[in-house]
Each structure stands twice: as C-alpha cells, then as structure tokens.
Amino acid sequence: MMQLTAYFARTAAPIACALALLVSTHVAHAQAAADSTAAATPATAAAPSNTLIGYEYRKVEQLINSKHWGAALSSADAYLKGNPRDPQMRLLKSRILQSQGKPAEALQLLQELTQEYPEIPEPHNNLAVLQAQAGHIEEARLSLETALHLKPNYSVAQENLGDIYLRMARDAYTHALSLNPGNAELRQKINKLP
C-alpha cells in the first residue's frame with residue numbers, strides 16, 4: 001500500500017512568514033518571538049526549510065517530535081485559546097490529532113483551514129492525505145491539485161499526487177480485469193505497478 005506524505009510540522013520559514021501576515025494576532029507574537037531569539041529570522045533563500053517562527057510553535061514541534069502527544073495538544077490548545085484562528089498552530093494540532101488516532105477531528109480541522117485560508121497549500125496537502133486514507137481518492141486528488149495550483153513547485157504535494165494516480169490506475173486496471181478476467185495483459189499491468 002502506498003503512503004502519502006503529510007507536510008505537518010516542517011513548515012517552511014516563507015510559509016510561516018506568510019501565515020504571520022494573514023493573522024494579525026500572530027504578527028505581534030511572531031515578531032516578539034523573532035526579536036527575542038536570534039534563530040528566528042525573516043524568510044531568506046538560505047533559511048532552513050524546517051524553521052518555525054515563534055517559541056510556542058517550536059515548543060509544540062519539539063513535543064510532537066518527542067511523541068508527547070498529550071502535552072503537545074495541551075500546549076497547542078492553550079496557545080489557540082488566545083489565537084483561535086492561527087493557521088500554523090492549527091496545522092500542528094491536526095498532526096497531533098492524527099497521531100492520537102483521531103483522524104476525523106484532524107480532517108475537520110484541515111477542512112476548516114482550507115476554507116478559512118484557501119491560499120495556503122499545506123492544509124490542502126494534509127487534507128488530501130487524510131482523504132486518501134479514508135478511501136476518498138477523488139477528493140484527495142482535487143485537494144492535491146489545489147495545493148499544486150497554489151504552489152506549483154510543492155514537491156511533497158506532487159509526490160502525493162503521483163501516488164494518487166498510481167492508486168487510481170491500480171483501481172481502474174483491477175476493475176477492468178474483473179470485467180475481463182482472462183485478460184493477461186491487464187494482469188501484467190497490475191503486477192508492474194508498485
């Protein structure tokens with residue numbers, strides 16, 4: 001079974017900066033955190049792709065990486081009480097929910113994010129991952145195409161779309177074989193797929 005890749009926690013610095021511009025309460029928090037730490041700098045071409053701006057984001061990310069799901073969720077929820085629309089923290093929370101075995105809650109959160117912030121590609125990609133896991137392949141394809149429309153060079157979404165197309169091909173070939181079980185050529189095509 002192929003596995004799609006979610007882009008949950010390693011939010012690029014340029015995305016973090018764009019998110020900061022989208023949410024006014026986030027701007028003040030991100031700027032204060034950036035001023036207090038030398039590591040948090042504005043987006044540049046040389047910025048590491050896994051830089052999160054702001055102490056609270058890095059704290060939640062560390063808890064996620066340590067698989068302390070309960071503490072990560074508590075920290076995310078505490079932050080979101082004061083900043084309920086913050087898309088970056090909500091994206092992190094969706095990862096926590098997924099890791100805690102709550103895909104329906106993660107899916108709902110990502111759907112809300114894609115509706116409130118349709119211009120951010122990462123929630124569309126992550127939503128596609130959950131849609132595919134639930135067997136909603138066509139919805140996943142549409143979510144990935146949206147992510148790629150927003151960010152054409154988004155390699156994670158492009159890879160996931162390739163996986164979706166492979167799954168769609170397997171499903172189509174398998175259905176065709178069920179209609180014509182004696183078709184050896186179709187059986188070979190299915191066997192060649194990864």
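Computed quantities for the displayed model
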read-out	value
Packing-based ranking, highest mean first, of 155-164, 76-85, 173-182 given that Cβ atoms within 10 Å are counted	155-164, 76-85, 173-182
Solvent-accessible surface ranking, highest first, for 187, 170 at 1.4 angstrom	187, 170
Global geometry of region 129-194, whether rounded, prolate or oblate, following the gyration tensor of its Cα atoms and the 1.5 cut on a/c	prolate
Cα gyration tensor shape for region 62-194, rounded if a/c is under 1.5, else prolate or oblate	prolate
Label-point separation in nm, residue 180 to residue 136, each point 7 Å along Cα→Cβ	3.4
Mean-position separation - Cα centroids, region 152-169 and region 114-151, in angstrom	11
Label-point gap, in nm, between residue 165 and residue 104 - each point 7 angstrom along Cα→Cβ	3.5
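The values are calculated or read from the model by the stated rules, or taken from the named source; none is laboratory data. Nothing here was measured: the structure is a model prediction, and the numbers come from that model. Virtual Cβ from ideal backbone geometry, glycine too; neighbours counted across all protein chains shown. Accessible surface is based on the protein model in full, side chains and every heavy atom, while ligands, DNA and RNA are left aside. Shrake-Rupley method; radii C 1.70, N 1.55, O 1.52, S 1.80 Å.
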